[in-house]
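S.K.: Once you've had a glance at the structure underneath, I'll fire off some questions.
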Amino acid sequence: MSNPPVRLYVLLACHMLGDYVLQSDFLASTKGDNAWHLLAHCASYTVPFAVAFGIDWRIAWLLASHLLVDALKARWHKIDYLADQAAHFGALLVYLFWEVA
């Protein structure tokens, strides 16, 4: 899959699966209060990416960036939903750049 626009669509689909479909209501409601639940959500978030693109060092980038952004929103209440999604999209663009570079 060397077509960057197609890769971007796949990245966005993986994001939607990981952030919404695979996140249980329990994790969504407790990740702000419990660091283990936040980590569990972020780990499950990376699963669709690992399936679609394989496991390599960029999965660590997705895990770390998602952990930071979700902590800023859910634990520390420093950003709102729009900033949260913009930051996730930025992390996906970095991932895409590493894919095509």
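S.K.: Just to verify a result, which residue in the range 65-101, among those that are of a type in the set (Asp, Glu) and without any contact (Cβ under 8 Å) to a residue 24 or more places away in the chain, is surrounded by the most Cβ atoms within 10 Å (Cβ to Cβ)?
M.R.: ASP84
S.K.: Here is a follow-up. Condition (residue is surrounded by fewer than 17 Cβ atoms within 10 Å (Cβ to Cβ) and of a type in the set (D, E, K, R)) applied to the range 8-22: is it met by at least one residue?
M.R.: No, the range 8-22 has no match at all.
S.K.: Tally time: how many residues in the range 1-57 are within 11 Å of the chain's Cα centre (by Cα) and hydroxyl-bearing (Ser, Thr, Tyr)?
M.R.: Residues flagged as within 11 Å of the chain's Cα centre (by Cα) and hydroxyl-bearing (Ser, Thr, Tyr) within the range 1-57 amount to 4.
S.K.: For the range 28-58, which positions are over 25 Å from PHE97 (Cβ atoms) and surrounded by fewer than 17 Cβ atoms within 10 Å (Cβ to Cβ)?
M.R.: ALA28, SER29, THR30, GLY32, ASP33, ASN34, ALA35, TRP36, LEU39, listed by residue number.
S.K.: If you scan the range 4-41, which residues turn out to be in contact with a helix residue (DSSP H, G or I) (Cβ under 7 Å, 6 or more places away or on another chain), assigned to a helix (DSSP H, G or I) and not aliphatic (A, V, I, L, M)?
M.R.: PRO4, ARG7, CYS14, HIS15, GLY18, ASP19, THR30, HIS37, HIS41
S.K.: Report, ordered by the first and then the second residue, all pairs with beta carbons closer than 7 Å, sequence separation of six or more or different chains, a first member in the range 39-64 that is without any contact (Cβ under 8 Å) to a residue 24 or more places away in the chain, and a second member that is assigned to a helix (DSSP H, G or I) and aromatic (Phe, Trp, Tyr).
M.R.: ILE59/PHE49
S.K.: Mind checking whether some residue in the range 28-50 is within 20 Å of TYR95 (Cα to Cα) and β-branched (Val, Ile, Thr)?
M.R.: yes
S.K.: With the structure loaded, tell me whether LEU68 is within 12 Å of the chain's Cα centre (by Cα), under 13 Å from HIS15 (Cβ atoms) and aliphatic (A, V, I, L, M) or whether it fails that test.
M.R.: Values: within 12 Å of the chain's Cα centre (by Cα): yes; under 13 Å from HIS15 (Cβ atoms): no; aliphatic (A, V, I, L, M): yes.
No, not satisfied.
Bear in mind these aren't lab numbers, they're just calculated from the coordinates by the rules spelled out. Note that the structure is a prediction, hence the values are computed from the model and not measured. As a convention, Cβ positions derive from the backbone with ideal geometry for all residues, glycine included, and neighbour counts pool all protein chains shown.
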